[in-house]
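Values in this text are rule-based calculations from the coordinates and carry no lab data. Since we're looking at a predicted model, the values are computed, not measured. A quick note on method: Cβ atoms are made from the backbone with ideal geometry, for glycine too, and the neighbour counts reach across all protein chains shown.
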Amino acid sequence: MAGAFLAASLPFAAAAGSFKAEVWADNWFSLHVGERFVGEDSVPITTERSFNSETLRFDADYPLVLNFTIKDFKQNDTGLEYIGSARQQIGDGGFIMQVTDTATQKVVAVSDSAVKCEVIHKAPLVPSCVSSSDPSVASCGATISEEPANWKAAGFDTSAWDNATVYSAADIGAKQGYFDVTWDPAARLIWTSDLKADNTLLCKLTVNAP
């Protein structure tokens, strides 16, 4: 009886909070909270000039472990766009996000220099290959890595990853869907230190409390 009384007296586990993530990426992203997939850009990465914003909703408890895979548009591993046309070029990236607690309407997470990022596809390493009539990975150079094992886990060590670099809307050339969202003043456009060559990023931010 004493054991039954003790069990009945224990507090119920706190219910998960409800959140809204607003995201704009040049060109594509996916979001996992911890290792749970929440959603991704509805426009495929193979789409040229996709600058839409997305709103994703999810339930979670703190700490919020926000894991983003972010990709700039490229036609192949050379990192170039519009290959074989007069517009052949090295593209550039850009990303911004904010997460709002839907119960309190408080913004609890934003993209800024606290976000940690790792580059797993970097190209071209030889920028002059942009003028080549037959660019290839051999002539352009590329660094391609696998995703680290368990990088989405809460305890994954990002100390060797770089802090994101903050950019202005003019630096990024933010357009279209970027202007569909009322961004919190603390939410900043980010990428790595190399807007052009760094094409695929893994980015992680942990929010311990609201």
Asn208 and Val166 label points (each 7 Å along its Cα→Cβ direction) are spaced in nm at 2.1 nm
What shape does region 98-202 have by the C-alpha gyration tensor, where a ≥ b ≥ c are the square roots of the eigenvalues, rounded means a/c under 1.5, and otherwise prolate means a/b greater than b/c and oblate the rest?
oblate
Using alpha carbons only, how many angstrom separate the centre of region 33-71 from the centre of region 108-171?
17 Å
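Count the net charge of all other residues whose Cβ sits under 12 Å from the Cβ of Val181, scoring Lys and Arg as +1 and Asp and Glu as -1.
On the way: positive: Lys20; negative: Glu22, Glu54, Asp180, Asp184.
Local net charge: -3.
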Karplus-derived HN-Hα couplings along region 65-73 (A = 6.51, B = -1.76, C = 1.60, θ = phi - 60°), whole Hz, x at Gly and Pro
9, 8, 10, 10, 9, 10, 10, 7, 5
Neighbouring Cβ atoms within 10 Å as the yardstick, rank Thr200, Thr47, Thr206 fewest first.
Thr47, Thr206, Thr200
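Kindly provide the helix-only [θ] at 222 nm of the chain, computed as the sum of -39,500 (n - 2.57) over DSSP H runs of four or more divided by all residues, to the nearest 500 deg cm²/dmol? Present the calculation step by step, with values, prior to reporting the outcome.
Details: 3 runs with 16 residues, N = 210.
Helix contribution divided over all residues of the chain: -1500 deg cm²/dmol.
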What is the distance, in nm, between label points placed 7 Å from the Cα along the Cα-to-Cβ direction at Thr102 and at Ser159?
3.8 nm
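Viscosity 0.692 mPa s, temperature 37 °C: give me the Stokes-Einstein translational D for the chain in µm²/s, with Rh taken as the Kirkwood radius over C-alpha pairs.
Values: Rh = 18.5 Å.
Stokes-Einstein gives a translational diffusion coefficient of 178 µm²/s.
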Highest first, please rank the peptides 177-183, 122-128 by the mean number of other Cβ atoms sitting within 10 Å of their residues.
122-128, 177-183
